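Here is the structure we will look at, set down as structure tokens.
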There are 2 protein chains.
Amino acid sequence: MNHSQGKVSLPVIKRLPKYYRYISQMQQNGVVKVSSSELARMMGTTASQVRQDFNCFGGFGQQGIGYNVDVLLHEIGRLLFGEGEKLPTILVGAGRLGRAVSRFLTTDTNGYHLLAVFDVQQELVGQDLDGIPIHHIDELESFCAAHKPQVAVLCLPREGAKEISGRLVDLGIRGFWNFSHYDLSIPYPNVTVENAHLGDSLMSLGYRLRND
Amino acid sequence: MNHSQGKVSLPVIKRLPKYYRYISQMQQNGVVKVSSSELARMMGTTASQVRQDFNCFGGFGQQGIGYNVDVLLHEIGRLLFGEGEKLPTILVGAGRLGRAVSRFLTTDTNGYHLLAVFDVQQELVGQDLDGIPIHHIDELESFCAAHKPQVAVLCLPREGAKEISGRLVDLGIRGFWNFSHYDLSIPYPNVTVENAHLGDSLMSLGYRLRND
DNA sequence: TAGATTGTTAATCGATTAACAATC
DNA sequence: TAGATTGTTAATCGATTAACAATC
């Protein structure tokens, strides 16, 4: 065990969820022990990379033996989801995309607690999404002052996103999961942003298809 | 003008949609000309990278002058969306995510033509999504034989995705936009796959928030 | 002890950035 | 011509892969 972590690179971080998925499946299949080369084969990478990745966090294995599946899953889970404390989260935009994404937050992942949904449409206010109440966007300030959410998920058009994200930063939001076409990365460098533009992902698929 | 393209690297391809978005906005604002350094500032990168990127495709500018916005948008659009011919596409899974994603395919992007939606649920069969008919999954074979779709968008659970993707490859699908948690990249190396696991993206945001 | 497999250092590879000659 | 800015080659940086010593 060496350096518990001195700034882990983004490529490594982005691989953690994939490790988590594969190791989680192994546990469900009753597998107890795994080697870096077995993991590498599944992940489509090299044993070297697997060991390098895990050693960014101090190393989870035993020399000569391999990795214990339970230990590995627990440690990576802890990295991704913390120590059981969940990130208080709000969702802005209750359109089709917002409704789909809320499912992920409430049932398909750990580490997040969805407190409320906001929308501009008066018709939606008072309704709920999987039991989470929909508020009018004007209540953003009072709600955030009272409940101090840390993460905001943006499922709204570009125009709205620019204005709303500014307000949210002022209200203390530290992390954005951004599906709007407005690019948040530059204006708020001290806030963590995960841009998930569906359109971008689809466009690059098109290019690759035409040119492979 | 040099090499029209001798295998462009994935990082470059993934930046194309972002260039497209920014340049598109400039055109809407009536901007006629742009330099690599202006683009770099907007994109949050260096002028060097902008020029290197464009030169993967032969270079779109004029020495001493800069880049013409119309030309740039047209050329990058051509790379992303082709010459007007749209990729015949099907969507598998008409749940919340499928309904959200269909919107992107039909109205928020170019280059794709959504032919049909498939689902296992009998109640949905016969209904439509933005005018696109929902078929039962059992009709996949006959439909594909008749209409020869090239792209499949997977919005279904992991278990379904494994089986369905195998069938789709046999039916001639060349490209997948995969939202399921099942990882397609390894089993079908000769097919283009864009994995867009929402869960993965959300998990890495969590890690970054806790450790920044 | 011998075999297996990790942790860790060194080598390679690829992507980004810098420099500069070409040219408008 | 002088200034601006690209296209392109060279240098740097970071990430991946290989090698090997430590250790179970």
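The values are calculated or read from the model by the stated rules, or taken from the named source; none is laboratory data. A quick note: this is a predicted structure, and the numbers were derived from the prediction, not measured. Cβ placement follows ideal geometry from the backbone for every residue including glycine, while neighbour counts extend to all protein chains displayed. Just so you know, the surface numbers come from the protein's heavy atoms only, side chains and all, with ligands and any DNA or RNA stripped out. Shrake-Rupley method; radii C 1.70, N 1.55, O 1.52, S 1.80 Å.
Tabulated values for the structure
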{"quantity": "Cα centroid separation - segment B:13-76 against segment A:111-162, whole Å", "calculated": "36"}
{"quantity": "Average beta-carbon neighbours from other chains, 10 Å sphere, peptide B:43-49", "calculated": "1"}
{"quantity": "Percent RCO, i.e. relative contact order, over chain B, from Cα pairs under 8 Å lying at least 6 residues apart", "calculated": "14"}
{"quantity": "Copy-to-copy label separations for A:Ala47, where each label sits 7 Å from Cα toward Cβ, in nm and ascending", "calculated": "4.9"}
{"quantity": "Members of A:Lys7/A:Lys162; B:Lys86/B:Lys148; B:Lys33/B:Lys86 lying beyond 20 Å, as alpha-carbon distances in this model show", "calculated": "A:Lys7/A:Lys162; B:Lys33/B:Lys86"}
{"quantity": "Dimensionless Rg over Rh [segment B:87-158; C-alpha; Kirkwood]", "calculated": "0.92"}
{"quantity": "Inter-chain shielding of B:193-199 (mean C-beta neighbours from other protein chains, 10 Å cut-off)", "calculated": "6"}
{"quantity": "Rule-of-thumb Rg ratio for the protein assembly as shown [Cα; 2.2 N^0.38 Å; N residues]", "calculated": "1.02"}
{"quantity": "Accessible area buried, both sides summed, chains A and B with 1.4 Å probe, Å²", "calculated": "6200"}
{"quantity": "Largest-first ellipsoid semi-axes for segment B:132-212, taking √(5λ) over the Cα gyration tensor eigenvalues, angstrom", "calculated": "29, 13, 10"}
{"quantity": "Accessible surface, segment A:119-212, averaged per residue in Å² (probe 1.4 Å)", "calculated": "43"}
{"quantity": "Rg in Å to one decimal, and Dmax rounded to a whole Å, for segment B:1-106 via C-alpha atoms", "calculated": "16.0, 53"}
{"quantity": "Whole-number percent relative contact order across segment A:87-201, with pairs defined as alpha carbons under 8 Å at least 6 apart", "calculated": "23"}
{"quantity": "Computed over chain B, Kirkwood Rh from alpha-carbon pairs, angstrom", "calculated": "19.4"}
